[in-house]
Amino acid sequence: MNRSRLSAAAFAVLAALVVAGCGDPGGLRGAGATPTAEGPTHLWPDLPSPSAPAEDYGAIESVKVDGVRVPDGDLHKVDPADVVRADFTQNPGTYERSDSAYRQTVARLKDCAADNSGESGRCPVLKAYYRDLTGDGRDDLIVGVSTPDDNLDIRVYAEEKRQLTQIMEMSDAVLGVELAGRDLIIRAISSLAGYEYHTVWSWDAHQKAMLPTRDEIVRSANAPRPASPRPSPARPSASASPSASASPSGDGTR
């Protein structure tokens, strides 16, 4: 076979492969027009810097808790009720010492059993959880305390240099709490019906405390769905309409 015939045969095989591949559903396809990217627009660029923050939300600082020994630096060996009792007495947190809810909580903490089941008497301490939130390789202690104002006071403790330290405290009308990696996610009631707050608390190595790194309001999964529109009545078909033969007179007249 000469060169010209070989080239013709090769072209025929290549053409057949191309035609066979045209119907391959796995080929590349266009995604349509791509919208033009728009950069951020800075509004009021000449605003002066504020002299002070508007509020102190998120200004969390670690607090030492005295009077509780942590054997071998292991928080699993400490009674969570003892930790909460000492912390509440020393650090009211979001409460004022004169608040009725705070005073009642302190009184109920005296009834906590050593097993921290939260079921003995009036003990408000819920089941404790453990997770390394600071990234130091040791478990931290996460405690929830039910308060008389129908809120949940959540506190997180770490052991640093043989010192028990509170690294997070908040109180809210909590719907649920989740652990995701080293983040603590808190769902709370919103004043807007059908919505709830999601706040993600994360360890901040500079502040040495858990900070609310993300806060958002989202549609609640349990929110009532909007009522579906009532379907319009079906129009009767021609076969369902009265015919002449079905006329009451029977003579074709109406």
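When residue 89 is evaluated against the numbered criteria (1) modelled with pLDDT under 95; (2) closer than 25 Å to residue 183 by Cβ; (3) open to solvent by 70 Å² or more (accessible area, probe 1.4 Å); (4) hydroxyl-bearing (Ser, Thr, Tyr), which criterion, by number, is the only one it fails?
Single failed check for residue 89: (2).
Working only within the range 95-106, note down all residues that are under 29 Å from the mean Cα position of the chain (by Cα) and either exposed (fewer than 14 other Cβ atoms within 10 Å of the Cβ) or not β-branched (Val, Ile, Thr) (or both).
First, the residues of the range 95-106 that are under 29 Å from the mean Cα position of the chain (by Cα): 95-96, 101-102, 105.
The answer is 95, 96, 101, 102.
For residue 121, indicate whether it is farther than 17 Å from residue 170 by Cβ and either within 27 Å of the chain's Cα centre (by Cα) or at pLDDT below 90 (or both).
Details: farther than 17 Å from residue 170 by Cβ: yes; either within 27 Å of the chain's Cα centre (by Cα) or at pLDDT below 90 (or both): yes.
So residue 121 passes the test.
List the residue pairs whose Cβ atoms are under 8 Å apart, where the first residue sits in the range 126-140 and is within 12 Å of residue 182 (Cα to Cα) and of a type outside the set (Lys, Arg), the second is open to solvent by 70 Å² or more (accessible area, probe 1.4 Å) and in a loop (DSSP other than H, G, I, E, B), and the two are 6 or more positions apart or on different chains.
Sorted first by the residue in the range 126-140, then by its partner, the pairs are 132/138; 132/182; 133/182; 134/182; 135/182.
Going through the range 144-168 one residue at a time, which ones are β-branched (Val, Ile, Thr), crowded, with 22+ Cβ neighbours inside 10 Å and touching a helix residue (DSSP H, G or I) at 6+ places or on another chain (Cβ under 8 Å)?
Passing the criteria: only 145.
So how many residues does the range 171-193 have that are open to solvent by 20 Å² or more (accessible area, probe 1.4 Å) and in a strand (DSSP E or B)? Break it down stepwise before answering.
Within the range 171-193, the subset open to solvent by 20 Å² or more (accessible area, probe 1.4 Å) is 171-175, 177-183, 185, 187, 189, 191-193.
Now restrict to residues that are in a strand (DSSP E or B): 171-172, 174-175, 177-180, 183, 185, 187, 189.
Within the range 171-193, residues that are open to solvent by 20 Å² or more (accessible area, probe 1.4 Å) and in a strand (DSSP E or B) number 12.
Here is a list of conditions, (1) over 26 Å from residue 106 (Cα atoms); (2) free of Cβ contacts under 8 Å to residues at least 12 places away in the same chain; (3) not basic (Lys, Arg), and residue 176 meets all of them except one; can you say which number that is?
Exception for residue 176: condition (1).
Yes/no per residue for (1) at pLDDT below 95; (2) touching a Lys or Arg at 6+ places or on another chain (Cβ under 9 Å); (3) part of a strand (DSSP E or B); (4) under 14 Å from residue 81 (Cα atoms):
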position	(1), (2), (3), (4)
130	no, no, yes, no
137	no, no, no, no
144	no, yes, yes, yes
154	no, no, yes, yes
158	no, yes, yes, no
165	no, yes, yes, no
168	no, yes, yes, no
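Within the range 198-208, is there a residue that is more than 17 Å from residue 65 (Cα to Cα), small (Gly, Ala, Ser) and within 20 Å of the chain's Cα centre (by Cα)? Spell out how you get there, then give the answer.
Pass one, the range 198-208, residues more than 17 Å from residue 65 (Cα to Cα): 198-207.
Then keep just the ones that are small (Gly, Ala, Ser); that gives 202, 205.
From what is left, the residues that are within 20 Å of the chain's Cα centre (by Cα) are 202.
Within the range 198-208 (the criterion being more than 17 Å from residue 65 (Cα to Cα), small (Gly, Ala, Ser) and within 20 Å of the chain's Cα centre (by Cα)), the answer is yes, since at least one residue qualifies.
Which condition breaks for residue 138 when tested against (1) over 19 Å from the mean Cα position of the chain (by Cα); (2) surrounded by 15 or more Cβ atoms within 10 Å (Cβ to Cβ); (3) under 29 Å from residue 103 (Cβ atoms); (4) of a type in the set (Lys, Arg)?
The number of the failed condition is (3).
The values are calculated or read from the model by the stated rules, or taken from the named source; none is laboratory data. Since the structure is predicted, the reported quantities are computational estimates derived from the model, not experimental observations. Ideal geometry is used to build each Cβ from the backbone, glycine not excepted, and the neighbour counts take in all protein chains shown. When the accessible area is computed, the model is the full protein with side chains, heavy atoms only, and any ligands, DNA or RNA have been set aside. Shrake-Rupley method; radii C 1.70, N 1.55, O 1.52, S 1.80 Å.
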